[in-house]
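The values are calculated or read from the model by the stated rules, or taken from the named source; none is laboratory data. All figures in this text were calculated on a predicted structure; none of them were measured in a lab. Quick reminder, even Gly has a Cβ in these numbers, built from the backbone with ideal geometry, and neighbours come from all protein chains shown.
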Amino acid sequence: MLRGIEARGLVTAAASAVTLVIIISLAVIPYSRTVRQNIPFDILWRSGLWQQVTGFLLLGFSLMCLALYFRKHWRRLWFGSFSSWRVLHGILGVAGLIVLVAHTGMRFGSNLNLALMIVFVAANLGGALAAGSIWSRYQFARHLSHKWRRRIIWIHVLILSPLPALIALHILSIYYF
Amino acid sequence: MRTRTSWGLLVFCNLLIGAFFIWRLQTDNQQAFLPGEATHGHHQIELACEACHIPFEGVPQKACLDCHAEELEMANDSHAESVFSDPRNLAELELLNARLCVSCHVEHRPGMVTSMGVTVPDDHCFHCHFDIAEQRPTHTEMDFNTCATAGCHNFHDNRALYEDFLLEHSDEPGVLVTPLVSKRDEPEALGPPLSFGDHDAPADREVDPALLAEWAGTVHARTGVNCSDCHVAEDPKALWDDSPTHKACKSCHENEVSGFLGGKHGMRIASGLSPMSPSLARLSMDPEAMERELGCTSCHDAHKFDTTRAALDSCLGCHADNHSKSYKDSPHFKLWQEEVSGIGVPGSGVSCATCHLPRESHKKGDDKWVLVQHNQNKNLQPNEKMIRGVCMECHGLSFSIDALADPVLIERNFQGQPSRHVESVDMAVQRAIEDLKRKKK
């Protein structure tokens, strides 16, 4: 039963993540050209307070995603099956992308911010591919071998590796400047 | 073991990235942290972070005022901070804190910038002036995003656009009866006139006679300025500097050098960066001029100090945008040629400098002192800043407003007539007539 739920959860998360990554990479939400909006969504990118709210929310989601690693390696310390943790990880990844849209308006910026955005978006794409590879194991008789699934997951982890430093530097730069 | 190695690599990779960026933070080049390109006003100094930012304090209002306070005061700022000190305006301030420059001028957000480096929507006037149509029925059909349309209103500088001024100059012709710019005053002489043989260059220097001849023909020689007065070394132990900088010029031309350092040509030097060069400009520049560097002598020549060249050829030696390239086909250039050749009276010609480095009156005791303003920012954008100090020396107000509101005419460097009419003056006159009628009743 769980396998069915996990498969559906993973494929939904993977498809959503890929869709969001494509949208984020190709489009930009323009700043409003009027102050007479019914819903002043612009405040997300114009107000320092909202930038901090969405930024720290994004940091929170990123840290929660990291919990999957600890669940995997310290299984005695955690509750719930690994499969359900993996689905949750996928959902948090998608939620993180949605908050990323709110935080950046899908603008990549320059230099440090550009590096951070590329790593974050690429890591999510890697995660989506990893989720897809796991889902294929349940779905198809001829699925990717274990070796290849591990390789995809490692690519996901490898892309993620500079993220702690980039996030820390991004936060430092915001308060420094 | 494998997990430990992976963790070790992860930590090492992060420390390496962290170390690189922290090292950049300690150097003069902090480009790695630049989140986006700066506006046209600040892009030259976007790598002089400390010019605006104080570590962990952001951008204080003082940083903006250090460069722009004088300009705002000169402009009789319509939305000065004092206007918002009135407690009755607190509610409006919650919508837009107009006491702080950074509320409307956010840097490094390219997609947010509209015109004039403004980063709030064009209709921001709505916040406070939502009921303007009740006070000014002529504005009923107008949208709030047209308030700052050329020739109507500016947020800060309305010196040429306020009602009384519009009324006062409502009946002026397109070209005034005596279209002449003021004569420029020279600094006081340092001593009696000098000639070729009076030069005081050190004996151990090989002096080019051609340079000496150039100097001997200048106002410098006529006013007693000798070689050693300019070739002053910054190091007190040295007696001579082969390549004096703007600091040497400043001893006699303080106003001009201050203007230069505050303007587009000198703001990089003022911020401790390398001099401005056409290769760093966003405007179109002559490809052959790209490697030049800007200092006083780039335009004025090192020994000739030819102001006629500085007023025109120096500008066109670098600037290659359509406005600049069209100048030599304009009626302004014809007037300039006539003045230079002696056919036209002094002050009748219009060079690049006439409009962009205009002559300004300063008070010196009881006297009027006319100097060249070398800070182009003071009358560049919005271009209505140019009306009183420049255009109205020769043209009527209404014509000036119309001309500056026509971007095609500007690009063609004023060849022809304005293609549209801005109704500002007409509205002021109409309102004055209605007021008069009301009073009579």
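Cβ separations smaller than 6 Å between residues 6+ apart or across chains give the following pairs from the stretch B:394-423 residues that are at positive phi to residues that are part of a helix (DSSP H, G or I): B:413/B:323; B:413/B:326; B:413/B:327. If the condition is being within 24 Å of residue A:12 (Cβ to Cβ), within 14 Å of chain B (Cβ to nearest Cβ) and of a type in the set (Phe, Trp, Tyr), then the stretch A:131-177 contributes only A:154. For the stretch A:114-170, give me the residue count where each residue is out of contact with any Lys or Arg (no Cβ under 9 Å at 6 or more places or on another chain) and in a loop (DSSP other than H, G, I, E, B). Residues that pass the stated criteria total 6. Residues in the stretch B:15-34 include none that are within 14 Å of chain A (Cβ to nearest Cβ), within 22 Å of the chain's Cα centre (by Cα) and outside any helix (DSSP H, G or I). Within the stretch B:308-357, the set of residues being within 22 Å of the chain's Cα centre (by Cα), surrounded by fewer than 14 Cβ atoms within 10 Å (Cβ to Cβ) and assigned to a loop (DSSP other than H, G, I, E, B) comprises just one member, B:321. Checked against the criterion of being within 14 Å of chain A (Cβ to nearest Cβ), in a loop (DSSP other than H, G, I, E, B) and out of contact with any Gly (no Cβ under 8 Å at 6 or more places or on another chain), the stretch B:88-97 has at least one qualifying residue.
Among the residues of the stretch B:405-427, just one is among the hydroxyl-bearing types (Ser, Thr, Tyr) and surrounded by 13 or more Cβ atoms within 10 Å (Cβ to Cβ), namely B:424. When the helices (runs of 4 or more DSSP H) confined to the stretch B:383-441 are screened for residues that are under 22 Å from residue B:332 (Cβ atoms), those reaching at least 2 such residues are found at B:385-389, B:397-404, B:407-411. Per the listing B:23, B:7, the residue uniquely loosely packed, with under 11 Cβ neighbours inside 10 Å and modelled with pLDDT under 95 is B:7. Answer yes or no: is there a residue in the stretch B:44-58 that is at positive phi, surrounded by fewer than 18 Cβ atoms within 10 Å (Cβ to Cβ) and either within 14 Å of another protein chain (Cβ to nearest Cβ) or of a type in the set (Asp, Glu) (or both). Within the stretch B:44-58, one or more residues are at positive phi, surrounded by fewer than 18 Cβ atoms within 10 Å (Cβ to Cβ) and either within 14 Å of another protein chain (Cβ to nearest Cβ) or of a type in the set (Asp, Glu) (or both). Annotation: of all residues in the stretch B:330-376 being closer than 12 Å to residue B:182 by Cα and touching a Gly at 6+ places or on another chain (Cβ under 7 Å), the one that is modelled with the lowest pLDDT is B:360.
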